[in-house]
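Okay, so here's the structure we're looking at.
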Amino acid sequence: MRYCSRTDVGKVRRKNEDVLHADGRVFAVADGMGGHRGGEVASATAVEAVTDAVGAGPADANVSRLLAGAIVSANDEIYQKAHTGSGPPGMGTTLTCGVLSGDTLVIGHIGDSRAYLLRDGNLKQLTEDHSLVGELFRNGQITKEQAFDHPSRNVLTQALGTSTEVAPQVATHKLTAGDRVLLCSDGLTTMLTDDEIAKTLLDEADVATACRALVDTANKAGGADNISVVLLDFADPDPFSVEKAVSADPARRKKSGCGRAVALILVVAALALILAGFASLRILNNTYYLGVSKRHRVTIFRGVPGSFGGLSYSRILEETTVTSDQLRPTSKRLVEDNTVVGDLDTVLAAIRRLEMVAPPLDQPPGTKPGIKPGTSPPSV
Ligand code: MN
C-alpha cells in the first residue's frame, strides 16, 4: 500500500483551513470553517482527537467504536472551545477519516468532505454528504448533477463543533488488491465531478502523481476553495503492507527542508570563519538572510546574522508587512533563527515557501480572514 496526501489553498482563498493527516494507519481530511483562525483550530482539533484516540486505543480495540467515540469527543471539545470563549467562536469542521488494519478500512465521517472507493475502474462514494443538497439527493428530489451546481450546496446539516449532538457515519470496508481510496475536502468535489475525479485517478498510475493531478485539475477548474486529498493505493504485489509512504504534502516536504537548514547552518559557520579571517565586504554585500525586524516583521537583511567581535554586519534590505506571529511554527522558527542565509535568490525562494497562518505575503494585512463564502450556519 502506498499513500500520498496533498493540500492546497486553491486560487481564491487566502488561507488554508483544511487539515490533513496520513501516517500509514490513520488518514484524515478535515475542512474547517469560521473566521479568525476558527477553521484551522477546529480542523486541527478534530484530526488530533482521532489520531490520539486511535493511537491510545488497545491493539484489539473495536476500531468502529473507538472511532465513533473519538468523533463524539472531538465534537464536544470543539463545541466547548467555541462556546465557552476558550477558542474562536462559531468554528466548526468536517471530518472524514480512515483507520487501516490490514485489508480493513474503517471510515468515520461527518460533514461534506468525502471518501471514495475506486474499484475495477468505477468510482463509488463511500460517505453520505451531511448537507442540504446531500439530503435532497438521497430523498430523490434532485439528481447528482443538480446537487453539483446547487446554490445551497455549502449548507451543512452536520459538522463538528456546531451542535452538542452528532451522529457520525462509521462503516467498515473490506479492500481488495487494486483498490484505491480517496479522502478529500469539498474543494475537490465542488470543482470536479465524480467522472472527472475517476478519470484522473485512472489516468495516473503513480499515487503521488495522481494526488498532484487531482489538486492541479481542481485548481484549473477554478480552485474556489482549499483542496485536500489523501490517496491510498492498494496495488499489487503487496497491497496490504504499508511499505512505501509517498507524500506530496507540504507538511512533509518540510522534512527535506531540515537537510537544507543544516546545510545553511554550515554555510553560516563557514561564513563566520571567512569573516574572522578576511572581513570581506564583498561577501557581506552579496549575502542575505531572513530574519525579523524590531517590529517583528519578516525581513530580508543584507549581510550575515549575529555580530562578530561586537560588530554587526547586516542591515535591512526589505521589511515585509508580515509579522512572524502570522507564520506557522516551522516557518516562524526558520525566520527567527535566521536559518536562511545565502544569495538574494535563495532568500526570496525561502520567503515564497513560508507557510502562513494568516494572509499570504502578497496580500495586504488587515484583510478579512476567509469564511467559507456562501456558507450558512448549519441547520439541523
Ligand atoms: Mn471546503
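Considering only G140, A30, I71, and ranking their Cα positions along the charge dipole of the stretch 19-158 that arises from unit charges at the beta-carbon of Lys, Arg, Asp and Glu, the one farthest toward the positive end is G140.
Length gained on full extension, D337 to V242: 30.6 nm, using 0.36 nm per residue less the C-alpha separation. By other beta-carbon atoms within 10 Å, ranking E165, E17 with the fewest at the front produces E165, E17.
Under 5 Å between amide hydrogens, built in the peptide plane, is the criterion, and for V322 it picks out V298 among residues at least 5 positions away or on other chains. Using only side-chain charges placed at the Cβ, +1 for Lys and Arg and -1 for Asp and Glu, the dipole size of the stretch 126-183 relative to its Cα centre rounds to 160 debye. Note on D120 and D194: their simple-model spin labels are 1.6 nm apart, each label 7 Å out from Cα toward Cβ.
Cross-linked pairs K124/K220; K220/K332; K11/K174: Cα-Cα separations exceed 28 Å for K220/K332; K11/K174. Pairwise Cα separations in the chain fall into 10 Å bins from 0 onward with the following percentages, short to long: 5, 22, 28, 22, 13, 7, 2, 0.
Pick from K11, K144, K174: which residue has the top mean-square fluctuation in a GNM of the chain where Cα pairs under 10 Å get a spring? Greatest mean-square fluctuation among the candidates belongs to K174.
Using C-alpha pairs under 8 Å with a sequence gap of at least 6, the mean separation divided by the residue count of the chain gives a relative contact order of 21 percent.
Remark: the chain carries a charge dipole of roughly 1460 debye about the Cα centre, counting +1 on each Lys and Arg Cβ and -1 on each Asp and Glu Cβ. Its Cα centre serving as origin, the stretch 19-120 has a Cβ charge dipole (Lys and Arg +1, Asp and Glu -1) of approximately 120 debye.
Using only DSSP helix segments of four residues or longer, with each worth -39500 (n - 2.57), what per-residue ellipticity at 222 nm results for the chain after dividing by its residue count and rounding to 500?
Calculated mean residue ellipticity at 222 nm is -11000 deg cm²/dmol.
Label-to-label distance for R295 and R353 is 2.8 nm, based on points extended 7 Å past Cα in the beta-carbon direction.
Rounded to the nearest 0.05, what FRET efficiency is calculated for I316 and E165 with R0 set to 45 Å and r the Cβ-Cβ distance? Taking R0 as 45 Å, the efficiency between I316 and E165 is 0.25. Connecting C-alpha atoms closer than 10 Å in a GNM of the chain, tell me which of P89, P305, P168 has the biggest fluctuation. Highest fluctuation among the options: P305.
If the chain linking E204 and E135 were pulled fully straight, counting 0.36 nm for each residue of separation and taking away their Cα-Cα distance, it would gain 21.6 nm. Each 10 Å bin, from zero up to the one with the longest distance, holds this percent of the alpha carbon pairs of the stretch 51-194: 11, 37, 35, 16, 2. For the stretch 17-31, putting each phi into the Karplus relation 6.51 cos²θ - 1.76 cosθ + 1.60 with θ = phi - 60° gives couplings of 9, 7, 10, 10, 8, 7, 10, x, 10, 10, 10, 8, 10, 10, 10 Hz, in residue order, rounded to whole numbers and with x for Gly and Pro.
FYI, it's all coordinate maths here, none of it is from the lab. Computed from a predicted structure; not experimentally measured. All Cβ positions, glycine included, derive from the backbone under ideal geometry; neighbour counts span all protein chains shown.
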